[in-house]
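Inspection log for the structure reproduced underneath, given as structure tokens.
The values are calculated or read from the model by the stated rules, or taken from the named source; none is laboratory data. Predicted model, so just to flag it, every value in this text is computed and none were measured. Cβ placement follows ideal geometry from the backbone for every residue including glycine, while neighbour counts extend to all protein chains displayed.
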Amino acid sequence: MMTNERPKKYAETVHDVVENRACPKFSSKDTVSDIIRRMHQHGGGAGAVVNAENKLIGLVTEREIVRRAFGDTSKLQERLDYISHLKDSKDETAWDVMIAQPETLNHDDSIDDAVDVIDYLGYRFMPVVDNQNRLIGVVDARELHKHAKLKSKALLEKKDSLLSYMMGSEPYGVGASL
């Protein structure tokens, strides 16, 4: 059956966003230097820590790695003491720098719902899991907003098209008669 509808240029669900792309996955024993190298090769700022069954156990972001290493300047002396006692960075693993049990999006979540959640929580990245907590991917707030904007634009175009059609079938100024 042929339709006149154009294919959609936006995702409907979070799964649509992450389904056809690779996501950096790490074990809890991967070293921080390996994690950073692999995330740079991938071109993203986040990756997931999974167990042998591909179930999510943590989220690793470049920002979290830096924050855990250097902290903020509000407690400078404590941070300097902490840094001076850090293990050599070669010994640090994903377990040391991951966000354990991060909040997640379900793969069936709509883009609009996902935007609401990620904005409310104030996150840049969120893992996407299925109903068994298996990793599907990691989504970026920016790409969710891009799809939400494309969807809004498509809906407005459709509304404008329908309005133009309706207005074209009735002469301007002629309304319902009393």
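Among residues of the range 33-51 that are part of a helix (DSSP H, G or I), those with a Cβ under 9 angstrom from a residue that is exposed (fewer than 12 other Cβ atoms within 10 Å of the Cβ), sequence gap 6+ or separate chain, pair up as Ser33/Lys90; His42/Ala22. Of all residues in the range 20-33 being charged (D, E, K, R) and modelled with pLDDT of 90 or more, which is farthest from the chain's Cα centre (by Cα)? Filtering the range 20-33 for residues that are charged (D, E, K, R) and modelled with pLDDT of 90 or more, the one farthest from the chain's Cα centre (by Cα) comes out as Lys29. Does Gly44 satisfy the condition of being surrounded by 14 or more Cβ atoms within 10 Å (Cβ to Cβ) and modelled with pLDDT of 90 or more? Answer is no for this residue.
Filter the range 1-13 for residues that are crowded, with 19+ Cβ neighbours inside 10 Å and either at pLDDT 95 or above or out of contact with any Leu (no Cβ under 9 Å at 6 or more places or on another chain) (or both) and give the result. Of everything in the range 1-13, just one residue is crowded, with 19+ Cβ neighbours inside 10 Å and either at pLDDT 95 or above or out of contact with any Leu (no Cβ under 9 Å at 6 or more places or on another chain) (or both), namely Thr13.
For first residues located in the range 92-109 and part of a loop (DSSP other than H, G, I, E, B), partners that are surrounded by fewer than 22 Cβ atoms within 10 Å (Cβ to Cβ) and small (Gly, Ala, Ser) and lie 6+ apart or on another chain with Cβ distances below 8 Å form the pairs Met98/Ser28; Met98/Gly58; Gln101/Gly58; Pro102/Gly58. Set side by side, the residues Asp108, Asp116, Asp91, Asp96 differ, and just one is under 15 Å from Val18 (Cα atoms) and at pLDDT 70 or above, which is Asp108.
Would you confirm whether or not the range 118-140 contains a residue that is among the acidic types (Asp, Glu), farther than 22 Å from Gly43 by Cα and within 12 Å of the chain's Cα centre (by Cα)? Yes, there is a match, as at least one residue in the range 118-140 is among the acidic types (Asp, Glu), farther than 22 Å from Gly43 by Cα and within 12 Å of the chain's Cα centre (by Cα).
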